[in-house]
Amino acid sequence: MNLERMPNEEKLSLCRRYYLGGFAFLPFLWLVNVLWFFKEAFLKPAYTEQPQIKSYIKKSAMGLILWVAVLTTWITIFQHFRARWGEVGDYLSFTIPLGTA
Amino acid sequence: MNTSDSEEDSYNERSALVQCESPTIPSYNQDHDMSLPQETDTKRRRPVSSGLDEPGPVERERASTPDGEEEELTLKYGAKHVIMLFIPVTLCMVVVVATIKSVSFYTEKTSQRLIYTPFEEDPNSVGQRLLNSILNTMVMISVIVVMTIILVVLYKYRCYKFIHGWLILSSLMLLFWFSFMYLGEVFKTYNVAMDYPTLVMIIWNFGVVGMICIHWKGPLRLQQAYLIVISALMALIFIKYLPEWSAWVILGAISIYDLIAVLCPKGPLRMLVETAQERNEPIFPALIYSSAMVWMVGMADSSNPDSADERQRNEGGALAQEGVESEDDAAQGGRRRYSAEEDLEEDRGVKLGLGDFIFYSVLVGKAATTGGDWNTTLACFVAILIGLCLTLLLLAIFKKALPALPISITFGLVFYFSTDNLVRPFMDSLAAHQYYI
């Protein structure tokens with residue numbers, strides 16, 4: 001997909017779809033959205049659809065940061081307390097490291 | 001690890017040469033995809049799907065240029081394309097070799113086999129082993145041939161929905177199931193604790209964004225990255241589940257089949273390409289790696305680069321013991337397109353079928369498995385790249401669809417066996433006697 005060659009309406013529609021898609025537990029989609037449309041939204045001369053694209057990018061970025069915070073917190077908690085949780089910890093674990101408590 | 005699931009993808013790729021045309025005649029691209037559709041039925045089967053890429057006629061407009069200049073431009077683009085293909089092929093092989101060297105899962109031989117290679121290789125008797133590997137190869141190749149023919153028939157009778165569905169199923173399988181297996185093994189190797197919620201998030205994101213990028217619209221680089229990753233995953237599965245000798249014989253046989261199917265007038269892939277050309281439409285979404293996406297403006301044909309990067313994969317695998325089936329379609333096509341728009345020379349980039357990626361990586365991966373040191377692996381790697389170069393050169397000369405497998409695989413096989421049996425003992429002796437040359 002070459003953004004250069006897409007008409008602006010299509011770019012807006014694509015950005016919007018990526019934004020909406022990210023609500024399905026897909027922070028990676030939001031990340032792709034931000035990275036892909038960043039140049040379009042902030043570094044290009046203004047065109048009609050640009051403010052909307054900007055707002056989508058900003059919202060995607062906020063959602064992404066939120067998800068990153070949640071995941072980081074959860075991972076930290078899990079890694080730290082996994083051993084102490086005993087059975088629940090094992091139940092939640094996909095792989096259990098060998099040779100440690 | 002689930003031992004009950006094994007999947008095999010097979011696909012054939014061809015690289016097609018696009019015909020460069022002089023300004024007065026319309027140019028057309030020929031794409032050849034060879035994909036082997038594979039289907040797994042209730043038993044074990046490996047479906048192989050082949051997909052063909054159809055190049056639509058491309059109008060090439062140029063201001064009147066003398067032939068010499070045309071030649072020069074062709075060669076210039078040819079050289080650029082060689083580099084554009086080297087990088088993804090190298091990346092794919094690097095991923096496969098890195099995984100093989102670090103994650104032992106993919107080199108552990110299990111007694112599970114894919115359903116496509118039902119004969120067990122008995123390590124005790126050379127003759128028996130050879131016979132069984134040849135039989136395995138015959139089974140595999142016949143599955144592939146059947147799949148290709150089914151694909152051609154489906155295409156001829158315009159069963160597009162079926163083919164699309166097949167492709168989507170294949171990529172789903174690949175993106176979710178195989179990557180899940182892969183991640184599990186990597187975590188086990190590095191002794192990392194991983195919890196289910198995080199894992200589900202990772203796999204879900206990876207898979208869904210992959211499906212979006214490959215089958216719909218996404219950034220080009222991301223699409224290319226996903227295709228490389230998928231090829232690597234497939235190659236790893238092949239490396240794990242194909243028996244030793246069968247793998248080598250299959251590699252050889254697939255190159256021969258590729259050659260026949262693409263170049264013979266009655267070859268299924270050639271027929272597919274011609275049908276697609278007659279209908280003037282792009283071939284169903286075959287998975288092809290495209291190095292550039294150029295929007296065609298003012299082109300006579302409506303096929304656009306969008307559909308270029310799609311891959312079909314068939315995987316079907318059932319373990320001999322467990323009878324698990326999975327289905328995957330694999331399609332490969334390779335093609336190169338040159339297109340010009342109006343007064344601009346726009347390079348459409350090069351397309352290479354995913355099957356080619358996969359089989360190249362299988363060859364190098366197996367060299368990494370069995371070779372004791374890096375000599376063999378590097379030799380095979382270099383051989384494949386040389387073969388690819390030659391294929392692209394031939395493409396520029398002949399300007400029609402060419403199979404990408406035969407030359408590279410032949411070189412790879414020759415280099416592998418000669419390095420393993422001649423060069424390595426030689427180097428070892430030299431090192432043992434501390435004799436430097």
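So which residues in the range B:156-184 are out of contact with any Asp or Glu (no Cβ under 6 Å at 6 or more places or on another chain), of a type in the set (S, T, Y) and surrounded by 22 or more Cβ atoms within 10 Å (Cβ to Cβ), if there are any at all?
Residue satisfying the conditions is B:S171 alone.
With A:A69, A:A46, A:A41 as the choices, which residue is surrounded by 14 or more Cβ atoms within 10 Å (Cβ to Cβ), among the small types (G, A, S) and out of contact with any strand residue (DSSP E or B) (no Cβ under 6 Å at 6 or more places or on another chain)?
From the options A:A69, A:A46, A:A41, the qualifying one is A:A41.
Residues being outside any helix (DSSP H, G or I) and loosely packed, with under 15 Cβ neighbours inside 10 Å: count how many of those fall in the range B:121-131.
The number of residues fulfilling the criteria is 4.
Write out, first by first residue and then by second, each pair whose Cβ atoms fall under 6 Å of each other, whose residues are 6+ apart or on separate chains, and whose first residue, in the range B:200-225, is touching a residue at least 40 places away in the same chain (Cβ under 8 Å) and at the interface with chain A (Cβ under 9 Å from one of its Cβ atoms) while the second is buried (at least 19 other Cβ atoms within 10 Å of the Cβ) and not aliphatic (A, V, I, L, M).
Close Cβ pairs satisfying both conditions: B:Q223/B:C213; B:Q223/B:D309.
Considering the range A:72-96 alone, what residues qualify as being loosely packed, with under 14 Cβ neighbours inside 10 Å and modelled with pLDDT of 90 or more?
Passing the criteria: A:T72, A:T73, A:T76, A:I77.
So which residues in the range A:23-58 are in contact with a Lys or Arg (Cβ under 9 Å, 6 or more places away or on another chain) and among the small types (G, A, S), if there are any at all?
Hit for the range A:23-58 is A:A41, nothing else.
Just one of A:F25, A:F42, A:F78 is over 17 Å from B:G218 (Cα atoms), among the aromatic types (F, W, Y), in contact (Cβ under 8 Å) with a residue 12 or more places away in the chain and at the interface with chain B (Cβ under 7 Å from one of its Cβ atoms); which is it?
A:F78
On the basis of being outside any helix (DSSP H, G or I) and aromatic (F, W, Y), does A:F23 make the cut?
It is true that A:F23 is outside any helix (DSSP H, G or I) and aromatic (F, W, Y).
Is it the case, given these coordinates, that B:V249 is surrounded by 18 or more Cβ atoms within 10 Å (Cβ to Cβ), over 30 Å from A:L14 (Cβ atoms), of a type outside the set (G, A, S) and more than 9 Å from chain A (Cβ to nearest Cβ)?
Yes.
Tally up the residues in the range B:206-258 that are modelled with pLDDT of 90 or more and outside any helix (DSSP H, G or I), please.
Looking only at that region, the number is 1.
Regarding A:L64, is this residue facing another protein chain (nearest Cβ under 9 Å) and assigned to a helix (DSSP H, G or I)?
Judged against the criteria, A:L64 is not a match.
Among the numbered conditions (1) within 14 Å of chain A (Cβ to nearest Cβ); (2) touching a strand residue (DSSP E or B) at 6+ places or on another chain (Cβ under 9 Å), tell me where B:I230 comes up short.
(1)
Inspect all residues belonging to the range A:50-58 and state whether any of them is surrounded by 16 or more Cβ atoms within 10 Å (Cβ to Cβ), of a type in the set (S, T, Y) and either more than 20 Å from B:G184 (Cα to Cα) or within 11 Å of chain B (Cβ to nearest Cβ) (or both). Don't jump to the end; show me each part of the working.
Residues of the range A:50-58 that are surrounded by 16 or more Cβ atoms within 10 Å (Cβ to Cβ), as a first pass: A:50, A:53-54, A:56-57.
Retained after the next criterion (residues that are of a type in the set (S, T, Y)): A:56.
Those left that are additionally either more than 20 Å from B:G184 (Cα to Cα) or within 11 Å of chain B (Cβ to nearest Cβ) (or both): A:56.
Yes, there is a match, as at least one residue in the range A:50-58 is surrounded by 16 or more Cβ atoms within 10 Å (Cβ to Cβ), of a type in the set (S, T, Y) and either more than 20 Å from B:G184 (Cα to Cα) or within 11 Å of chain B (Cβ to nearest Cβ) (or both).
Against the conditions (1) out of contact with any strand residue (DSSP E or B) (no Cβ under 8 Å at 6 or more places or on another chain); (2) within 7 Å of another protein chain (Cβ to nearest Cβ), where does A:Y91 fall short? Just the number, please.
(2)
All but one of (1) in contact with a Pro (Cβ under 7 Å, 6 or more places away or on another chain); (2) part of a helix (DSSP H, G or I) hold for B:K188, so report the exception by its number.
(1)
For the structure I just gave you, tell me whether B:M181 is assigned to a helix (DSSP H, G or I), touching a residue at least 60 places away in the same chain (Cβ under 8 Å) and more than 14 Å from every other protein chain (Cβ to nearest Cβ).
Spelling it out, it is not the case that B:M181 is assigned to a helix (DSSP H, G or I), touching a residue at least 60 places away in the same chain (Cβ under 8 Å) and more than 14 Å from every other protein chain (Cβ to nearest Cβ).
Looking at the range A:49-60, can you tell me whether even one residue there is over 11 Å from the mean Cα position of the chain (by Cα) and at pLDDT below 85?
Yes, some residue in the range A:49-60 is over 11 Å from the mean Cα position of the chain (by Cα) and at pLDDT below 85.
Could you check the range B:397-424 and list, in sequence order, the residues that are part of a helix (DSSP H, G or I) and surrounded by fewer than 21 Cβ atoms within 10 Å (Cβ to Cβ)?
Result: B:I397, B:F398, B:T410, B:L413, B:V414, B:F417, B:S418, B:D420, B:N421, B:L422, B:V423, B:R424.
Name, by its number, the condition in (1) more than 9 Å from chain A (Cβ to nearest Cβ); (2) out of contact with any strand residue (DSSP E or B) (no Cβ under 6 Å at 6 or more places or on another chain) that does not hold for B:S290.
With respect to (1) more than 9 Å from chain A (Cβ to nearest Cβ); (2) out of contact with any strand residue (DSSP E or B) (no Cβ under 6 Å at 6 or more places or on another chain), B:S290 is out only on (2).
The values are calculated or read from the model by the stated rules, or taken from the named source; none is laboratory data. In this text the structure is predicted, and so the values were computed from the model without any measurement. We place every Cβ from the backbone using ideal geometry, glycine too, and count neighbours over all the protein chains shown.
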